[in-house]
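Trainee: Sending over a structure as structure tokens; questions will come in a sec.
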Amino acid sequence: MTISLSNLKPAEGSVKKNKRVGRGQGSGRGGTSTRGHKGNQSRSGYSRKKGFEGGQMPLQRRIPKFGFKNIHRVEYKAINLDVLQRLGEEFDLTEVNLDSLRAHGLISKNDRVKILGRGQISKALKVTAHAFSESAKRAIENAGGEVVIAGA
């Protein structure tokens with residue numbers, strides 16, 4: 001037998017008939033239509049609250065609140081010395097500022113930048129950022145570079 005669009009059928013047992021409720025007493029699912037008697041769940045338009053556990057205290061209320069969110073926290077995008085060294089060598093830069101970091105896709109428009117001390121730097125660079133770690137500042141100055149704090 002060849003297969004064609006006219007004789008395609010789903011696999012045996014893969015398609016089930018829907019339960020048709022509320023179609024009269026003769027169907028066996030008339031009357032209350034499998035919803036039981038009275039109460040909210042038997043009514044149309046009822047939807048249970050998220051997390052409702054049948055009147056038991058819901059999980060999100062049983063578990064205590066914890067932690068602290070500091071609304072004054074300042075988030076910095078961390079850039080390490082090895083990244084600055086690579087930038088300086090690849091693009092022959094003498095100055096690394098927020099615009100050059102943005103141009104090379106390392107930061108976004110409103111990011112605050114902190115330079116951290118991982119890696120070595122041998123190229124003398126004038127680096128502009130919002131903050132510097134002590135080790136990064138020392139390494140840049142030892143390499144003959146200059147540290148400028150942005151917005152100061």
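Taken together, the values in this text are just the output of simple stated rules run on the coordinates, not laboratory data. Given the structure is predicted, the values throughout are model-derived calculations rather than measurements. Here the Cβ positions follow ideal geometry from the backbone for every residue, glycine too, while neighbour counts run over all protein chains shown.
Trainee: Residue 6 fails exactly one of the following numbered conditions: (1) surrounded by 10 or more Cβ atoms within 10 Å (Cβ to Cβ); (2) not in a loop (DSSP other than H, G, I, E, B). What is the number of that condition?
Mentor: Of (1) surrounded by 10 or more Cβ atoms within 10 Å (Cβ to Cβ); (2) not in a loop (DSSP other than H, G, I, E, B), only one is false for residue 6: (1).
Trainee: A further question follows. Residue 69 versus (1) closer than 30 Å to residue 130 by Cα; (2) free of Cβ contacts under 8 Å to residues at least 24 places away in the same chain; (3) in a helix (DSSP H, G or I): which is the lone unmet condition?
Mentor: With (1) closer than 30 Å to residue 130 by Cα; (2) free of Cβ contacts under 8 Å to residues at least 24 places away in the same chain; (3) in a helix (DSSP H, G or I) applied to residue 69, the lone miss is (3).
Trainee: Cβ-Cβ below 9 Å, separation at least six or inter-chain, first residue in segment 3-25 and at negative phi, second of a type in the set (S, T, N, Q): which pairs?
Mentor: Matching pairs, first to second residue: 19/34; 20/27; 21/27; 21/33; 21/34; 23/33.
Trainee: Turning to a different aspect of this structure: Take the residues in segment 13-49 that are over 45 Å from the mean Cα position of the chain (by Cα) and either among the charged types (D, E, K, R) or part of a helix (DSSP H, G or I) (or both); name whichever of them is surrounded by the most Cβ atoms within 10 Å (Cβ to Cβ).
Mentor: Taking the candidates together, the pick is 29.
Trainee: Take the residues in segment 127-140 that are out of contact with any Leu (no Cβ under 9 Å at 6 or more places or on another chain) and surrounded by 13 or more Cβ atoms within 10 Å (Cβ to Cβ), then tell me which one is nearest to residue 84 (Cα to Cα).
Mentor: As a first pass, look at segment 127-140 and keep what is out of contact with any Leu (no Cβ under 9 Å at 6 or more places or on another chain): 131, 134, 137-138.
Still in the running and surrounded by 13 or more Cβ atoms within 10 Å (Cβ to Cβ): 131, 137-138.
On the way: 131: 15, 137: 13, 138: 14 Å.
If we take residues in segment 127-140 being out of contact with any Leu (no Cβ under 9 Å at 6 or more places or on another chain) and surrounded by 13 or more Cβ atoms within 10 Å (Cβ to Cβ), then 137 is nearest to residue 84 (Cα to Cα).
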